[in-house]
Amino acid sequence: MPAPTVDRPADADTATAAAGLVRTTRGRLLWLVVCAAVLALTCLASIAIGAKYIPLDEVLRALFGDSGDANNQVIVGDMRVNRTILGVVCGIALGLAGALMQALTRNPLADPGILGVNAGASFAVVLGVTLFGSMSLLGYIWFAFAGAALASVLVYALASVGRGQASPVRLALSGIALAAVLLGFTQAMVIMDPGVLDVFRFWQVGSLAGRDVETVGSVLPFVVVGVLLALGLARTLDAMALGDDTAAALGVNVLLARVVGVIAVTLLCGAATAAIGPIAFVGLMVPHIVRAFTGPDQRWILPFCLVVAPILLLVSDIVGRVVLETGELQVGIVTTVIGGPVLIALVRRRRMVAS
């Protein structure tokens, strides 16, 4: 006779599922702690490594104001520390902006650079300099905000023209086309006015060098507000991933969520672009890296992006400092060199999945 079957109590199944959830949560928390530790080590490396070699013990003394060498004190205590803090702040802004854009548009190729947001911010800054002359960083930020917001609206509008909705491919093509047009106008204004060229070339390739503590103080409030708005949307983004109709049936105000998301992206991209120039591919790469640890849950993707994006930006900056024998390579160039192959790999993978 077959052995009698014994039904498992429902409580046992629930307990097993809960234990699995706890293990998953613990695993994610562990990875988040590991990433935070890596970020701390990366910050230390960013302060210690540069064009001029300074022994680690001297770096630590200069960091705490005990160095006997005035030059080392200035290099470490002022230049490298400010550069590192700005890299952390702008890395957070770019990583979160990329994750938000990918979630809001359900487009895995969304990025402030690919969707034309950086180009819009750059165009607006150059337009402001052309019309009003050299401004303070705070003036650049407001123009960058306006340009980033306008570019976001235009890209979505262009992608929505005609039949069908704004698909990921349409959004990417519209962003690339708009970025090319804005780049043409930007270059025209730069060529016609040497004064604008002097300002524009300072940050057009994207760099953390040459910025002081006032730069950090100017952009930090906007980044903090953008971060809070982004983290507040985490649960809503998970519901919107199921589709607008399903999200609305679950009680989500889809229109309000998109408006808040656009405001957050505008604050994050505008502040980062005004401070260090247009940096491409950070917002594209980081969310894909993060999903290997978190899966599709936005409640974990966004916090991980807060930690992983600054690591990528600071590591790129460190590589740019040491890769050349004389001088240094701007961080925007390094991220582009890394991000180009990543973008090709993502497109090929999605094409193979679709075929």
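Every number in this text was worked out from the coordinates using simple rules, so none of it is lab data. The structure presented is a predicted model; accordingly, all values stated were derived computationally and were not measured. Note that we place each Cβ from the backbone using ideal geometry, even for glycine, and neighbour counts take in every protein chain shown.
Zone of ILE289 (label point 7 Å along Cα→Cβ, backbone N under 20 Å): which residues in the stretch 73-103? Answer for this model: 83-103.
Gain on full extension, evaluated as 0.36 nm per residue between ALA70 and ALA177 minus their Cα-Cα distance, stands at 33.5 nm.
Report the FRET efficiency, 1/(1 + (r/R0)^6), for ASP212 and LEU131, where r is their Cβ-Cβ distance and R0 is 30 Å, rounded to 0.05. After rounding to 0.05, the efficiency reads 0.70. Among ILE75, ILE301, ILE279, the order by Cβ neighbours within 10 angstrom, fewest to most, reads ILE75, ILE301, ILE279. Fewest neighbouring Cβ atoms within 10 Å first, the residues ARG106, ARG170 line up as ARG106, ARG170.
The simple spin-label model puts a point 7 Å past each Cα toward its Cβ; for LEU29 and VAL224 those points are separated by 2.7 nm. Ranked for footprinting exposure by Cβ neighbours inside 10 Å, fewest first, THR25, THR236, THR266 give THR25, THR236, THR266. Placing dummy labels 7 Å off each Cα toward the beta-carbon, the span from ALA241 to ALA345 is 2.1 nm. Rounded to the nearest 0.05, the FRET efficiency derived from the C-beta distance between ALA249 and ILE338 at R0 = 41 Å is 0.50.
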